[in-house]
Amino acid sequence: MAEALRVVKLCGTFSPSEIGARIGLHKMQAESAARSLSNAGVLVLGFDFAAHFSPDFRKANAPMVMAKSAGIKRRARSRG
């Protein structure tokens, strides 16, 4: 899981067997792990085992976005 997050963007697609090969898993082991993550709601698998992160997982792991008002206040303080 950590390897997938390191290599793939949250909005990108990837092949679980390629990611698994990088960490020493056989193709069947990687696909089994991908199925388990799919059942847990972390991944969405296509019919050809192309995977992407689920929308709920992306929302939970998205970087924090600063509110516009906080950014404006910060700029005003740095100018004065």
| From the set of residues in the range 19-31 that are modelled with pLDDT of 90 or more and of a type in the set (D, E, K, R), which is surrounded by the fewest Cβ atoms within 10 Å (Cβ to Cβ)? | Lys27
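Yes/no per residue for (1) touching a Pro at 6+ places or on another chain (Cβ under 8 Å); (2) modelled with pLDDT of 90 or more; (3) part of a loop (DSSP other than H, G, I, E, B); (4) surrounded by 15 or more Cβ atoms within 10 Å (Cβ to Cβ):
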site: Cys11; (1), (2), (3), (4): no, no, yes, no
site: Ala33; (1), (2), (3), (4): yes, yes, no, yes
site: Leu37; (1), (2), (3), (4): no, yes, no, yes
site: Gly41; (1), (2), (3), (4): no, yes, yes, no
site: Val65; (1), (2), (3), (4): no, no, yes, no
site: Gly71; (1), (2), (3), (4): no, no, no, no
site: Ala76; (1), (2), (3), (4): no, no, no, no
| field | First in the range 1-21 and without any contact (Cβ under 8 Å) to a residue 24 or more places away in the chain, second anywhere and among the polar types (S, T, N, Q) and surrounded by 13 or more Cβ atoms within 10 Å (Cβ to Cβ), Cβ under 8 Å, 6 or more apart | value | Gly20/Gln29
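The values are calculated or read from the model by the stated rules, or taken from the named source; none is laboratory data. What you are looking at is a predicted structure, and each value in this text was computed from that prediction instead of being measured. Cβ atoms come from the backbone with ideal geometry, glycine included; neighbour counts cover every protein chain shown.
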